[in-house]
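These notes are about the structure you will find just below.
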Amino acid sequence: MKKILTLGLILAMALTMFTACSSEEVPSTVSQTVNIAALNGPTGMAMVDLMDMEDKYAITTYQAPTDITAKIINGEVDVAAVPSNLAAVLYNKTEGDIVAVSPIALGMLQILGNNADVQEVSDLAGKTIIASGQGGTPEYVLQKVLQDNGLTIYEDVNVQWVANHSEVNTQLLSQEGTIAMIPEPFVSTALAQGQEGVTKLFDLNELWEEATGQQLPMGVLVATRSFAEDRSDDLKVLLSDLQASVDYVNDSPAEAAKAIVEHGFIGDEAIAEAAIPNCHIVLYTGDNAAEGIEMLKTFNQTLYDMDPASVGGALPDENLYYQ
């Protein structure tokens, strides 16, 4: 009996020590407000559960990546969700003052057609694709996918770049024969119109994976190096809360859709709910962190091989990636 009691006491002490260590690893709150910038799309939708935690986070959403760039460089924000190639560009521009923490959204780009005579990627030869995002991830993803299918962008396939995704949708829905490249949630918005002949042609995430062997990281969570190093506990709190938010959005899309509409990401709950599974909102932390880093490395190497300027002129070294 004495041995059993002693063993029980040891186990209880071990459990107490484990619990204490776990608590030390992830504090309950942040030392001061974390300033976060996100885009008005899936990267922002991933944070919807954090937006009511105003005691911890000050989250501002923007329409375009260019609206965020200066704020990161100037240190006005601690953390931002940006297009994946912008993480590498900022790393080079700031001479290493940016850390890529994790992919936050995977491939959400689709090619849609309005009664377009396209069955295979090769059928895009001689045609024009309407798109938004020139100079960013969409352009380089399209270039790689076309290249892998024996086509050269701007030679075999023309691309008409417009100001924003809403304009792409307008042209897609109004002009028969139009081929458009758009991301979620604009894909779901277009399909929700129920217009006959408007259909999905290709999932660029699938085509990217066929070409590179990795999934497509469309958006990445970055932090300033000073925040990641000097406020490492605050980053741990953020990642814990963000993981809960990502799980909430993915596991409870109907409920999350209400919050997404409430915070102005999408105007319709049904469209938001339909878009969520195709936004591929993710977070790679803990045991999965290495998988996310490998995804980003493949992405950066692929873009660098196509055009070094796409990642800021130089392939980022290991210091870009949060360890």
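Structure notes:
- Single match in Ala257, Ala290, Ala270, Ala314 (criterion: touching a residue at least 24 places away in the same chain (Cβ under 8 Å) and assigned to a helix (DSSP H, G or I)): Ala270
- Those residues of the range 195-244 which are part of a loop (DSSP other than H, G, I, E, B) and under 19 Å from Ile36 (Cβ atoms), in sequence order: Arg231
- Qualifying residue in the range 94-117 (condition: surrounded by fewer than 17 Cβ atoms within 10 Å (Cβ to Cβ) and in the same structural domain as Val162 (by TED's automatic domain parsing)): yes
- Failed condition for Thr69, given (1) in a helix (DSSP H, G or I); (2) β-branched (Val, Ile, Thr); (3) touching a residue at least 24 places away in the same chain (Cβ under 8 Å); (4) touching a Leu at 6+ places or on another chain (Cβ under 8 Å): (3)
- Of residues in the range 179-194 being part of a strand (DSSP E or B) and touching a Gly at 6+ places or on another chain (Cβ under 9 Å), the one farthest from Gly41 (Cα to Cα): Ile179
- Cβ pairs under 6 Å, 6+ apart, first in the range 28-39 and under 14 Å from Lys236 (Cα atoms), second among the aromatic types (Phe, Trp, Tyr): Val34/Tyr57
- Residue satisfying condition, being farther than 27 Å from Glu273 by Cα and out of contact with any strand residue (DSSP E or B) (no Cβ under 8 Å at 6 or more places or on another chain), within set Glu167, Glu155, Glu196: Glu155
- Leu146 being under 24 Å from Ile266 (Cβ atoms) and among the hydrophobic types (A, V, I, L, M, F, W, C): no
- Selection of first residues in the range 118-135 that are over 17 Å from Asp203 (Cα atoms) and of second residues that are part of a loop (DSSP other than H, G, I, E, B) and not acidic (Asp, Glu), restricted to Cβ pairs under 8 Å at least 6 apart or on distinct chains, gives the following pairs, ordered by first then second residue: Ala125/Leu151; Lys127/Ala116; Lys127/Val118.
The values are calculated or read from the model by the stated rules, or taken from the named source; none is laboratory data. Predicted model only: the values in this text are computed from it and were never measured. Virtual Cβ from ideal backbone geometry, glycine too; neighbours counted across all protein chains shown.
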